[in-house]
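Structure first, commentary second.
The values are calculated or read from the model by the stated rules, or taken from the named source; none is laboratory data. Every value quoted in this text rests on a predicted model; they were computed, and no experiment measured them. Reconstructed Cβ throughout: ideal geometry from the backbone, glycine too, with neighbour counts over all protein chains shown.
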Amino acid sequence: MSMHMKYKIQDLNLHYGQFHALKDINLELPEKEITAFIGPSGCGKSTLLKTLNRMNDLVEGCKIDGTVLLDGEDIFGNMDVNMLRRRVGMVFQKPNPFPMSIYDNIAFGPRTHGIHKKAVLDEIVEKSLRSAAIWDEVKDRLDKSALGMSGGQQQRLCIARALAIEPEVLLMDEPTSALDPISTMKVEDLVQDLKQDYTIVMVTHNMQQATRVSDKTAFFLLGEVVEFNETSELFSMPKDQRTENYITGRFG
């Protein structure tokens with residue numbers, strides 16, 4: 001059975017002014033799997049992640065060549081960027097709940113897309129919070145400010161907020177780097193549950209995390225993808241010496 005490729009990235013190059021941040025990236029990201037991007041800081045993993053929903057459009061002097069296909073459609077063609085960001089949700093490194101109630105955080109996206117019936121919003125809020133494994137913790141205080149939650153709860157709230165607009169893809173930029181070990185474990189468990197319904201691409205600094213949650217891993221170095229493979233293969237039998245040096249800690 002051939003995997004459906006959610007994203008096909010072909011000959012992608014990205015420059016910030018004179019800086020060549022991504023070099024000849026060719027990657028196919030399978031649907032309903034978790035792909036991890038690993039590598040040292042500043043090597044292009046977050047830059048590529050932000051290209052997948054055109055967040056780099058907002059960066060001055062950013063120039064992109066090559067093709068990024070989402071279900072066969074070029075995201076840089078005549079695809080509406082708002083539509084793209086509806087299909088491709090994003091969760092950032094630091095939890096960033098809006099300064100409003102837990103309920104309104106989740107209802108925000110659906111309201112923006114024209115859903116205003118209370119019964120419908122109630123249903124979306126509950127479903128999203130359940131999907132993000134946080135409903136039981138917050139169901140009795142939906143009207144309280146989201147800023148009163150713990151960091152780990154805030155990050156799961158941000159995941160619920162991303163899910164509320166029913167995306168197809170979830171991009172996660174180091175979603176646990178600001179969290180304690182127990183919250184990290186909850187988010188990792190959650191991410192593995194979510195891949196039944198969503199395609200997930202996750203940047204992580206933490207190689208153990210990549211081995212725990214991802215199906216495939218791409219190793220980035222200086223703007224290039226050095227190696228891309230099944231996670232178990234990449235970590236047990238790396239094909240490139242640079243990958244081996246990185247994962248065994250002989251690096252620098």
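Scan region 10-25 and give yes if some residue there is touching a Leu at 6+ places or on another chain (Cβ under 9 Å) and either farther than 27 Å from T243 by Cα or of a type in the set (G, A, S) (or both), otherwise no.
Checking region 10-25: at least one residue is touching a Leu at 6+ places or on another chain (Cβ under 9 Å) and either farther than 27 Å from T243 by Cα or of a type in the set (G, A, S) (or both).
Listed here are the residues, each with its yes/no results for (1) closer than 18 Å to P97 by Cα; (2) assigned to a helix (DSSP H, G or I).
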{"site": "D143", "(1), (2)": "yes, no"}
{"site": "L147", "(1), (2)": "yes, yes"}
{"site": "I159", "(1), (2)": "yes, yes"}
{"site": "M185", "(1), (2)": "no, yes"}
{"site": "E188", "(1), (2)": "no, yes"}
{"site": "V191", "(1), (2)": "no, yes"}
{"site": "M202", "(1), (2)": "no, no"}
{"site": "Q208", "(1), (2)": "no, yes"}
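Going by the conditions given, is L157 without any contact (Cβ under 8 Å) to a residue 40 or more places away in the chain, within 19 Å of the chain's Cα centre (by Cα) and surrounded by 20 or more Cβ atoms within 10 Å (Cβ to Cβ)?
It is false that L157 is without any contact (Cβ under 8 Å) to a residue 40 or more places away in the chain, within 19 Å of the chain's Cα centre (by Cα) and surrounded by 20 or more Cβ atoms within 10 Å (Cβ to Cβ).
Are any residues in region 67-80 exposed (fewer than 11 other Cβ atoms within 10 Å of the Cβ) and in a strand (DSSP E or B), and if so, which ones?
Listed by number, the list is empty, since nothing qualifies.
Starting from residues that are under 20 Å from V125 (Cβ atoms) and over 10 Å from the mean Cα position of the chain (by Cα), keep the ones in region 164-186 and report whichever is surrounded by the most Cβ atoms within 10 Å (Cβ to Cβ).
For region 164-186, the residue satisfying everything is A164.
Under 8 Å between Cβ atoms, at least 6 apart or on separate chains: pull out the pairs that start in region 117-131 with a residue that is surrounded by fewer than 18 Cβ atoms within 10 Å (Cβ to Cβ) and in a helix (DSSP H, G or I) and end on any residue that is at pLDDT 95 or above and of a type in the set (K, R).
E126/K139
Only one of (1) in a loop (DSSP other than H, G, I, E, B); (2) farther than 22 Å from R130 by Cα; (3) aliphatic (A, V, I, L, M) is not met by L179, so which one is it?
Condition not satisfied by L179: (2).
For region 40-66, what are the residues that are at positive phi, surrounded by 12 or more Cβ atoms within 10 Å (Cβ to Cβ) and part of a loop (DSSP other than H, G, I, E, B)?
Across region 40-66, the qualifying residues are G42, G44, R54.
Can you report the number of residues in region 85-116 which are closer than 17 Å to W135 by Cβ and either in a loop (DSSP other than H, G, I, E, B) or modelled with pLDDT under 95 (or both)?
Of the residues in that region, 1 qualify.
Do you know which residues across region 138-162 are touching a strand residue (DSSP E or B) at 6+ places or on another chain (Cβ under 7 Å) and under 26 Å from S214 (Cα atoms)?
Passing the criteria: C158, I159, A162.
Filter region 199-208 down to residues that are of a type outside the set (V, I, T) and surrounded by 22 or more Cβ atoms within 10 Å (Cβ to Cβ), then give me how many there are. I'd like the intermediate steps shown before the answer.
First, the residues of region 199-208 that are of a type outside the set (V, I, T): 202, 205-208.
Applying the additional criterion that residues be surrounded by 22 or more Cβ atoms within 10 Å (Cβ to Cβ) yields 202.
Matching residues across region 199-208 total 1.
Would you be able to say whether some residue in region 211-227 is at pLDDT 95 or above, within 14 Å of L170 (Cα to Cα), buried (at least 22 other Cβ atoms within 10 Å of the Cβ) and touching a Ser or Thr at 6+ places or on another chain (Cβ under 6 Å)?
yes
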